[in-house]
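Accompanying notes for the structure given below.
The values are calculated or read from the model by the stated rules, or taken from the named source; none is laboratory data. Predicted model only: the values in this text are computed from it and were never measured. As a convention, Cβ positions derive from the backbone with ideal geometry for all residues, glycine included, and neighbour counts pool all protein chains shown. Heads up: the accessible areas ignore ligands, DNA and RNA and are worked out on the full protein's heavy atoms, side chains in. Shrake-Rupley method; radii C 1.70, N 1.55, O 1.52, S 1.80 Å.
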Amino acid sequence: MKINNLSKEEVLKNLVTSENGLSEEEAQKRLSEFGHNEIKETKKTPLSIRFVKQFTHFLAILLWIGAGLALLSEYLHPGEGMLTLGLAIIGVIFINAIFTFIQEYRAERAIGKLKLLLPFYVKAIREGKETEIPAGEVIPGDVIILSEGDKVPADSRLIETTYLTVNNAPLTGESEPVPLQHEPYLGELIESKNIAFAGTAVVSGSGKAVVFATGMRTEFGRIARLTSAVEAGLSPLQKEIVKATRVIAFLAAVMGIIFFFIGQFIGRSFWENFIFAVGIIVANVPEGLLPTVTLSLAMGSQRMAKKKALIKTLTSVETLGSVTVICTDKTGTLTQNKMEVKQIWTFDNQQSTIDLLMKTAYLCNNTKFIEGQYKGDPTETALLKYARENIGDLIADRISEIPFDSERKRMTTVNIIDGKRLGFTKGALESLLPLCKYVLMHPVRNELSNGVNYRKIPIDEKLKEEITNAYHSAMDKELRVLSFAYSELEMHNSEPEKDMVFLGLIGLEDPPRPEVPNAIKKCREAGIRIIMITGDGSRTAAAIAREIGLVKENPIVIEGHDFIKMSDRELRKKLSEKEIIFARMTPKHKMRVVSILKEEGERVAVTGDGVNDAPALKKADIGIAMGIAGTDVAKETADMILLDDNFATIVNAIEEGRTVYENIRKFISYIFSSNIPEIVPYLAYVLFKIPLPLTIMQILAVDLGTDMLPALALGAEKPTAGLMKQPPRDPKERLLNFKLLSRAYLFLGPIEAAAGLFGFFYVLNSGGWKWGEMLSSNNILYMQATTACLNAIIITQIANVLACRSFRESVFSIGFFSNKLIFAGIAFEIALQLFIVYHPWGNAIFATSPIAAQMWFVLIPFAILLFAAEETRKFAIRYFMK
């Protein structure tokens, strides 16, 4: 039998212990057998291995191959500058790896934070004496004592209770105190009222319990294991970059091999062809892509931080922009997690009657107002606060209390006011109304009235119907409704819940965050579904959902007990519905929902703040934790933390994520455009037997030097108008699609290539060069010609970065000077090119030679041509799209 089904005597017998606790000898023996009461970490990947992985992803491997070929070429055929090339590529790999590793160094420490939730010392009974022992040494069979404010150290079966209530929020996410008792309970263990779970806190009362599970065997431990067992997987952007780099690798390798054999066929030497093949590969591989993407994501994360969204992993910036579904908790996420009185109802609506109702709400209440703060559960806090604001503070002695429990659904206190003994009761109407014999109406003097006359009228069916209608009316307004009554007692009367007088109703709500309805509206406009997954009951969840605009029709509501019975096929069908709410859910249930949504091709974000949310936060494409109300466990597991706990911040972050992805495509278009003017000179070199117009080091000067800052500046572009009116990006849409590649390779790139070859031949012809004449690599005329070719690429790339600021809109319509970083990047680009062309160090590193100033002006028309051509293309697209 389950331990919650057993009687006290059977529990002690099964755990081989007694009310006097274990002996020290037996305790040590069991400690050796069961181990310490602690949350153990699963074996994690060492930091050194995680750092090494930064060097082994696909694009890094591609760069390693390029560097290896360059170093091999230098070894077999020294003097061609391949050593510098190889070292430069290796430098790129290391810079990117270190940068990414530092950004993502904040390891997932959810298990460590779970440990902090366990208490350090526990009151236990050993050998018949009460003693304090470290929480880590608690073992099955230990008898522990629980008091108000204690945290429960291990899963324990209660054997004695005195009005004991606990807060199960760390386990279930819901903050309502749960009353516990020690009698056998025949339901499920997780729902049992005689079990105190590890990590939960005692709100009030006291009790004695026998420990039956410690460490990883507790429910708390199972959550920890669940959290650590989930594999995060690749983000959408990581997957896209892998696909893109495979395409690039294939193109580079094929072109290198083809032109190596073409060179062999036309009679060039092996080393000339080998250097040429390496050059083709280096020209095709955008070495600056990975660091630019990484830096762009870092800039995006910094912008999000200013908007109160803290990003923990860089790729999460873009991932958030691609989500199609947000699975959100209710308490503390959509709502403020603080109850508020919204409606008062009495028969006569007289102020004197309302005052009596307020006195009952004040006295039948366990919340305390201490040092300017309310301390108690949210519902009672709301009642006490409202009563104090309306009638001030009351002085009364409490004689006894019958605490609230889920079976009785009411609470009663007995107080003495001005020498009179009175009973006050609050609770659910269906529990309290049958105990009432009268209702109180305005104007017979009584102890509460302070001289005001009232009339106690016997309750009949008509009055009951009137009360019930008022109750339902308040419920229809999405309020949680409590009913109130009092009884006049003889000094020795012990039945305070007999012949009570009904006073009225108070309706409360956990108010939603004011910005939530608008945030939900924006999510709808952006094509993002929102699914509520909560531990609350279905009626409460549905009411809140309607109030905030999450559902508009009759949503499908699935409770935990029904959810368990569902097959995956049934659940998939339900999840395809437009409006759906999940209620009474556990961590495993939430994770199952997220898993199936992901299997269906959805990109899922999950919000949460409790320990219970951690597994689902980790399983999702992006986990979003609340920064203020969230537990440390949720924050450590999540990919993003909302610093202001504002659901609306998610919308801002989604817009930023979409903008980041759009801007990544912009600078990829910009970077790839320069591949064509880097490749074409090599093709001309092989096919037409001319000097090589562009050296490999000059290619790297573009890819890793002049292109970098302008590309990063494109990453700072503001979102396109209407970006949040578009549906989420299709998962099948490629980062490198035909439109982007054709724009870069077939439209912009050829203009740049033409400019480069024009500059190269212009200088050669000006110096008297004859067709077919081969020049040495240190010939001044040759170096000036390659410098002119490089200059042409840089000048046209300046026009290109302006053109790439948008895909459809004119640069003038988005604001020519709206992105000041673009012009800072252009200034850097020009300054670096001046260094390469006119400084001796630049000449030595990149094999360049100073050129006449007029060459700059000769090449500017190509930049104007490129910019005008792109503006014309955009105009044509806008015109035909109408």
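Only residues that are open to solvent by 30 Å² or more (accessible area, probe 1.4 Å), within 16 Å of residue 593 (Cβ to Cβ) and outside any helix (DSSP H, G or I): list them for the stretch 509-560, please.
Restricting attention to the stretch 509-560, the residues satisfying the condition of being open to solvent by 30 Å² or more (accessible area, probe 1.4 Å) are 513-515, 517-518, 521-522, 524-525, 527, 529, 538-540, 546-547, 552-554, 556-557, 559.
Among the residues that remain, those that are also within 16 Å of residue 593 (Cβ to Cβ) are: 529, 538, 556-557, 559.
Across the stretch 509-560, the qualifying residues are 529, 556, 557, 559.
For residue 853, only one of the following conditions fails: (1) at pLDDT 95 or above; (2) under 24 Å from residue 766 (Cβ atoms). What is its number?
Here residue 853 clears every test but (1).
How do the helices (runs of 4 or more DSSP H) wholly within the stretch 1-115 filter down when requiring 3 or more residues that are more than 30 Å from residue 128 (Cβ to Cβ) and modelled with pLDDT under 85: which remain?
Of the helices (runs of 4 or more DSSP H) lying wholly inside the stretch 1-115, those with at least 3 residues that are more than 30 Å from residue 128 (Cβ to Cβ) and modelled with pLDDT under 85 span 47-53, 58-76, 82-103.
Can you name every residue in the stretch 116-145 that is modelled with pLDDT of 55 or more and of a type in the set (A, V, I, L, M, F, W, C)?
Restricting attention to the stretch 116-145, the residues satisfying the condition of being modelled with pLDDT of 55 or more are 120-145.
Within the stretch 116-145, 120, 122, 124, 125, 133, 135, 138, 139, 143, 144, 145 qualify.
Yes/no matrix, rows are residues, columns are (1) at pLDDT below 75; (2) buried (at least 23 other Cβ atoms within 10 Å of the Cβ):
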site: 273; (1), (2): no, no
site: 279; (1), (2): yes, yes
site: 282; (1), (2): yes, yes
site: 290; (1), (2): yes, yes
site: 300; (1), (2): no, yes
site: 303; (1), (2): no, no
site: 313; (1), (2): yes, no
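Is it fair to say residue 212 is in contact with an Asp or Glu (Cβ under 7 Å, 6 or more places away or on another chain), among the aromatic types (Phe, Trp, Tyr) and open to solvent by less than 20 Å² (accessible area, probe 1.4 Å)? Walk me through how you get there before you give the answer.
Numbers: in contact with an Asp or Glu (Cβ under 7 Å, 6 or more places away or on another chain): yes; among the aromatic types (Phe, Trp, Tyr): yes; open to solvent by less than 20 Å² (accessible area, probe 1.4 Å): no.
Considered against the rule, which asks whether it is in contact with an Asp or Glu (Cβ under 7 Å, 6 or more places away or on another chain), among the aromatic types (Phe, Trp, Tyr) and open to solvent by less than 20 Å² (accessible area, probe 1.4 Å), residue 212 comes out as no.
Under 8 Å by Cβ, and 6 or more places apart or on different chains, what pairs join a residue from the stretch 865-882 that is assigned by TED's automatic domain parsing to the domain that holds residue 803 and modelled with pLDDT under 95 with one that is open to solvent by 30 Å² or more (accessible area, probe 1.4 Å) and outside any helix (DSSP H, G or I)?
The qualifying pairs are 874/807; 874/808; 874/809; 877/808; 878/808; 878/809; 881/808.
Considering 233, 267, which residue is modelled with pLDDT under 65, small (Gly, Ala, Ser), assigned to a loop (DSSP other than H, G, I, E, B) and not assigned by TED's automatic domain parsing to the domain that holds residue 616?
Numbers: 267 fails: modelled with pLDDT under 65.
On inspection, the qualifying residue turns out to be 233.
Using beta carbons and a limit of 6 Å, which pairs, at least six apart or on different chains, have the first residue in the stretch 557-579 and assigned by TED's automatic domain parsing to the domain that holds residue 538 and closer than 12 Å to residue 589 by Cα and the second one open to solvent by less than 60 Å² (accessible area, probe 1.4 Å) and modelled with pLDDT of 90 or more?
What qualifies is 558/582; 571/596.
For the stretch 442-478, how many residues are out of contact with any Leu (no Cβ under 9 Å at 6 or more places or on another chain), open to solvent by 40 Å² or more (accessible area, probe 1.4 Å), outside any strand (DSSP E or B) and modelled with pLDDT of 80 or more?
Adding up the residues that qualify gives 8.
Every residue in the stretch 824-840 that is open to solvent by less than 40 Å² (accessible area, probe 1.4 Å) and over 41 Å from the mean Cα position of the chain (by Cα), please.
Of the residues in the stretch 824-840, the ones open to solvent by less than 40 Å² (accessible area, probe 1.4 Å) are 825-826, 829, 833, 836-837.
Within the stretch 824-840, 833, 836, 837 meet the criteria.
Within the stretch 715-724, does at least one residue satisfy the condition of being under 23 Å from residue 244 (Cβ atoms), buried (at least 21 other Cβ atoms within 10 Å of the Cβ) and among the aliphatic types (A, V, I, L, M)?
no
So which of 817, 846 is in the same structural domain as residue 754 (by TED's automatic domain parsing), surrounded by 13 or more Cβ atoms within 10 Å (Cβ to Cβ) and among the hydrophobic types (A, V, I, L, M, F, W, C)?
Sole residue among the options that is in the same structural domain as residue 754 (by TED's automatic domain parsing), surrounded by 13 or more Cβ atoms within 10 Å (Cβ to Cβ) and among the hydrophobic types (A, V, I, L, M, F, W, C): 846.
Being among the hydroxyl-bearing types (Ser, Thr, Tyr) and open to solvent by less than 50 Å² (accessible area, probe 1.4 Å) is the filter; apply it to the stretch 411-441 and report the residue that is modelled with the lowest pLDDT. Spell out the reasoning first.
Within the stretch 411-441, the first condition is being among the hydroxyl-bearing types (Ser, Thr, Tyr), and the residues that meet it are 412-413, 425, 431, 438.
Applying the additional criterion that residues be open to solvent by less than 50 Å² (accessible area, probe 1.4 Å) yields 412-413, 425, 431.
Details: 412: 92, 413: 91, 425: 96, 431: 88.
Step by step, filter the stretch 411-441, then rank; the result is 431.
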